[in-house]
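Notes follow once the structure below has been shown.
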Amino acid sequence: MTKHPEQSGDSRAQVELSETTLLSQDTDISTGTRTRAQTDRIQSSRIQPTEAKSQGKLVRERFLRHKGALAGMGLLLLIILLSFSSIGFAGLPGWWNKDYDVLAARFNEGRPTLTLWPFSLGEHPFGQDVLGRDYFALTMRGIQTSLIIAFIVGLVAMVIGTTVGAVAGYFRGWTEAFLMRITDVVITIPTVVIAAVVAGIVAKQGIVPFAIFLGLVTWTGLARLVRGEFLSLREKEFVESAKSVGASSARIIFRHILPNTVGVIIVSTTLAISGAILLETALSYLGLGVVAPDTSLGKAINDNRSALTVRPWLFLWPGAFIVAIALAVNFIGDGLRDAFDPKQTRIKQ
Amino acid sequence: MSASEASLVIDDAAPAREGAILSVSGLCVDFSVDGEWVMAAEDVSYEIHPGEILAIVGESGSGKSMSSMALLGLLPRNGRSSGSAKMLGKELIGAPQSALRRIRGNDIAMIFQEPMTALNPVLTVGEQIREAVEQHTEASPAQAKERAIELLAMVEIPEPAKRYDSYPHQFSGGQRQRAMIAIALANDPMLLVADEPTTALDVTVQAEVLELLRRLNKRLNSAVLLITHDMGVVADLADNVVVMERGRVVETAPTAQLFTSPREPYTRQLLDAVPHLGSRVGGVLSDYEVVDGALRVHEAYARAADAEQQTHRDAGTVPALELVNVDIEYPGRFRQAPFKAVNDVSFTINPGEVLGLVGESGSGKSTIARAVTGLIRTSAGSVTIAGTDITALSARKLLPLRKKFAIVFQDPAASLNPRLSIGESIGEPMYLHEKLNRADLDKRVGELLDDVQLPVSFRNRYPHELSGGQRQRVGIARALSLRPDLLVADEPTSALDVSVQAKVLELLQELQRERGFACLFVSHDLAVVELLASHIAVLNKGRLVEQGTTEQILKYPKDSYTRRLLAAAPVPDPAEQALRREQRNAILAAGASAE
């Protein structure tokens, strides 16, 4: 079918050149005299036909252009690195020489020894708590716990919520009725009440089952949002067009509709992650979540809530990390949403 | 002259004044986009006199709407206007919002494109008209209601006193637009700005609304500024025409002169792009002649055409598509009865033939297109594609058959997945059916883009980066990717500008000649169907009222609905349109007396 190889080469190169004129032009692209000269120049340098880019590559390119997301990503990686390398994880030793559960004599009333100029960590950079535990180690342990819980909750809620919402919204009928009634039931039971019944048992198993359990009760909002998106998208003509060429339901759901709901899913999941940190805090406070001697950021704040006026650092460090993590996650979510949306490319160059 | 003096002058002199009601000169409109000013209209100048209908014509993006919105101070926040627009000597551009608010609805009134969204669904139509009256006058509620009923009568709504208490959803589309006109006329405006007043309406309803506008304009002696893209509407209604292109006025001329001898190349190009009903078969409703206001029918022509149709049926090939007594029902819910969208429809398309399926909105034409492509199930009858009845097949058995037919949708923006690149969209059918590897798939996509005259680099673009015409080309490329024997085109050009429509139609014609697929071309536009189709089937409320060759249907229609449809379609030629108007009135009168 390549009847006019030269001509089609022309138009290719020219379009590369003049992005902005595209929207107003319809067909006569390879005819302008001004552009002919330019295309000849371009053609001599590169003759390759435009190669087809995969969706994944385009998403990556767009994500790497988003400065906020990159900053968020950097911050989050830094926090993860700091918390896991300092006190070690799962038996592996870290570079910090104190443990979070060892009591010691209080040094200088437990004040932080961290100085920025000249930089030195000192004996207890974040200070010590009332019992004399090293607060740096304690905070690092708290970050580990909170991050693990938050991400597991986000993941579980995302998978369940998206699946339930997508299946209900796409298939309609009794499937939808059944799934949405289940969703309604889960919504109507207050989280704290189920937590009170189940969490006491679950928490003893460690934080991973606890996090999975939290995920199992927080997917409902996402399911409803995704279902709503699916309801409107399944009536769109591009879905009909995919059906008319015989695409399977799975292909339509995953290839055609789901990518169009990525924005909703990601924003809602990042909010769920931030929310999970707070939920875990609330449950830990009630004694239903993380149990001592283990700790989490929320628990650390709660344990020291009466110390705000006398020993503010006990409040400051975990609080600062909660804010930093939540912000970083939201920025990354923002970047991912834009990266998955092809319309964003022109604005965020 | 100060503002207060100006208003005094207007009050005294307005009724008798012979000069222009509105004179616009050097009007510019810009929009701030990302901190830069982008021109939407530049140096627009025109005048409107009492009793005149001035049409501003242009394609989308020509600035015709925005330049009119600027007159009323209704620009979006990021817009600004400069230049001068004088309403009876009073400057509108730069006037404070409070002054403009008094003018809007009082001296200048607007009619919008979409009557359903312009009316408030929770208020009765009567209340909305009354509100418009009360806003600008001191009338008591009782007087305002009386005036509202009077206005409803004026826009020819039957039983106005009773309909006063109806809600917008109880009105038909045409009646809603009439109600909008009534609201616009509530305070006897001197200028009526009608922004695409009939674009959302069916042709027969459009003809009625245009007739009403013409009569009101004569009766009230108010001026009308008609903004439209439809040359047929211009030919039907306007006295003078302003042609706009990319924000500039290209040509201003009296209507008759513009259509017979356009000066500017752009105008000529625009007029050439408009499909003209009857241009290919040489005439419409040829056996109807209006003599002294009465209708004469020549039966002999019709019989000759009929005979030809018979021989066509007996050709003896396997038809590409055959519908036999097809019913399609939309299931009811709770207490709602199921809705029968298509009722006992039969037609045949032979290989290589183009059948135009014509009907107004709600006639079931799109439903048939979807049933033919297996998107909706039929409730009775058979749909046979290349010898196989698809109504009885399961989804799995239908799959290999799907290669044989393809569909092009109406709205190119909605029919392409915004998250898939053009290349992926086009490649999908081939990926599903032929399991090609990447390299082969890429090559085929490149060839297809070439076939629809798009540069191959477009494969990495996304639908939003393309213009409407380009998107529709992509839609066509996707539909043709598996070399189908039958192409179903569901209003493929109705969302496009005329010049783009002309190019897309040309492309479709060319591809059809080259590849010889059969085509079911669904459209509401008879002129477009005439260009492409060799045969036409006319649908009315789910029933097939008439079918035959294009010539037969257009020249010698037998069914009264087909006649009305043909008579209502405006043609871009003022002289011919005047004759057709007369013919239409005669046909309607004959229809009324026959019933």
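If R0 is 41 Å, what FRET efficiency do you get for B:GLN135 and B:GLN257 from their C-beta distance, rounded to 0.05? Could the numbers behind the result be given before it?
Numbers: r = 40 Å, r/R0 = 0.98.
Between B:GLN135 and B:GLN257 the formula returns 0.50.
Could you pull out the pairs from A:LYS243/B:LYS403; A:LYS204/A:LYS299; A:LYS243/B:LYS397; A:LYS243/B:LYS404; B:LYS340/B:LYS365; B:LYS397/B:LYS443 whose alpha carbons sit more than 20 Å apart here? Present the calculation step by step, with values, prior to reporting the outcome.
Working: A:LYS243/B:LYS403 12 Å; A:LYS204/A:LYS299 16 Å; A:LYS243/B:LYS397 14 Å; A:LYS243/B:LYS404 14 Å; B:LYS340/B:LYS365 13 Å; B:LYS397/B:LYS443 29 Å.
Beyond 20 Å between Cα atoms: B:LYS397/B:LYS443.
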* Determine, from the Cβ-Cβ distance of B:ALA575 and A:TRP174 and an R0 of 56 Å, the FRET efficiency 1/(1 + (r/R0)^6), rounded to the nearest 0.05. => 0.35
* Quote the charge dipole size of the protein assembly as shown about the Cα centre in Debye, to the nearest 20; the model charges only the Cβ of Lys and Arg (+1) and of Asp and Glu (-1). => 3360 debye
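Rounding to the nearest 20 debye, state how big the charge dipole of the stretch B:447-516 is about its Cα centre with +1 on each Lys and Arg Cβ and -1 on each Asp and Glu Cβ. If you can, show how the numbers build up before the last one.
Values: 9 positive and 11 negative charges, 37 e Å.
Once rounded to the nearest 20, the dipole reads 180 debye.
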* From the residues B:ALA569, A:PRO118, A:GLY74, which one has its Cα farthest along the dipole of the protein assembly as shown in the positive direction, the dipole being from +1 and -1 charges on Cβ of Lys/Arg and Asp/Glu about the Cα centre? -> A:PRO118
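Any idea what the dipole of the stretch B:19-136 comes to, in debye rounded to 20, about its Cα centre with Lys/Arg Cβ at +1 and Asp/Glu Cβ at -1? Write down the numbers at each step before the final one.
Details: 9 positive and 14 negative charges, 76 e Å.
Dipole about the Cα centre, nearest 20: 360 debye.
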* Asked: In straight Cα distance, which lysines are under 16 Å from B:LYS145, not counting same-chain residues fewer than 8 positions off?
  -> B:LYS162
* Structure fact -> Phi angles of the stretch A:273-284, converted by Karplus (6.51 cos²θ - 1.76 cosθ + 1.60, θ = phi - 60°) into ³J(HN,Hα) in whole Hz with x for Gly and Pro, give 5, 4, x, 5, 4, 5, 4, 4, 4, 4, 5, 4
* For each of B:ASP559, B:ASP236, count neighbouring Cβ atoms within 10 Å of the residue's Cβ, then give the residues from fewest to most. => B:ASP559, B:ASP236
* To do: Binning at 10 Å from 0, report for the protein assembly as shown what percent of all alpha-carbon pair distances ends up in each bin.
  => 2, 9, 15, 18, 18, 15, 11, 7, 4, 1, 0, 0
* For the stretch A:258-330, count the residues as N, evaluate 2.2 N^0.38 Å, and divide the Cα radius of gyration by that value, please. => 1.33
* Structure fact -> A chain fully extended from A:LEU286 to A:VAL159 at 0.36 nm per residue, minus the present Cα-Cα distance, gains in nm 42.9 nm
* Structure fact -> Here the FRET efficiency for A:LEU78 versus B:SER172, based on Cβ atoms and R0 = 60 Å and rounded to 0.05, is 0.40
* Asked: Using θ = phi - 60° and the Karplus curve 6.51 cos²θ - 1.76 cosθ + 1.60, what whole-Hz ³J(HN,Hα) does each residue of the stretch A:92-100 get, with Gly and Pro shown as x?
  -> 6, x, x, 7, 8, 8, 10, 9, 7
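Where does each of B:ILE157, B:ILE426 land when they are ranked from fewest to most other beta-carbon atoms within 10 angstrom?
Numbers: B:ILE157 21, B:ILE426 30.
In order of increasing Cβ crowding within 10 Å: B:ILE157, B:ILE426.
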* Structure fact -> Semi-axes a, b, c in Å (a largest) for the stretch A:210-349, each sqrt of 5 times a Cα gyration tensor eigenvalue, come to 41, 19, 9
* To do: Using only the alpha carbons of the stretch B:395-540, determine the length spanned along each of the three principal axes and report them from longest to shortest in whole angstroms.
  => 44, 37, 26
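So, counting K/R as plus one and D/E as minus one, what does the shell of residues with Cβ under 15 Å around A:SER296 add up to? Can you show the working numbers first?
Numbers: positive: A:ARG133, A:ARG141, A:LYS299, A:ARG305; negative: A:ASP101, A:ASP129, A:GLU280, A:ASP294, A:ASP303.
Net charge around A:SER296: -1.
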* To do: Evaluate the distance, in nm, between pseudo-label points positioned 7 Å from the Cα of B:ASP344 and of A:LEU308 along their respective Cα→Cβ axes.
  => 8.1 nm
* To do: Please work out, to two decimal places, the log10 of the ratio I(q)/I(0) at q = 0.18, 0.19, 0.24, 0.25 Å⁻¹ from a Debye calculation in which every Cα of the stretch B:497-595 carries one identical scatterer.
  => -0.97, -1.05, -1.34, -1.38
* **Loop sites in the stretch A:68-106: chymotrypsin sites (Phe, Trp or Tyr not before Pro), DSSP, at most 10 other Cβ within 10 Å** => A:TRP95
* Asked: For the stretch A:281-312 and the stretch B:108-180, what is the separation of their Cα centres, given in Å?
  -> 65 Å
* Structure fact -> Helix-only [θ] at 222 nm, chain B, -39500 (n - 2.57) per DSSP H run of 4+, per residue, nearest 500, equals -12500 deg cm²/dmol
* **Cα-Cα P(r), the stretch B:13-155, percent of pairs per 5 Å interval** => 2, 8, 14, 18, 18, 16, 13, 8, 3, 1, 0
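Every read-out reported here was derived from the displayed coordinates using simple, explicitly stated rules and does not represent laboratory data. Quick caveat: nothing in here was measured; it's all calculated off a predicted structure. Using ideal geometry, Cβ is built from the backbone for each residue, glycine included, and neighbour counts are taken over all protein chains shown.
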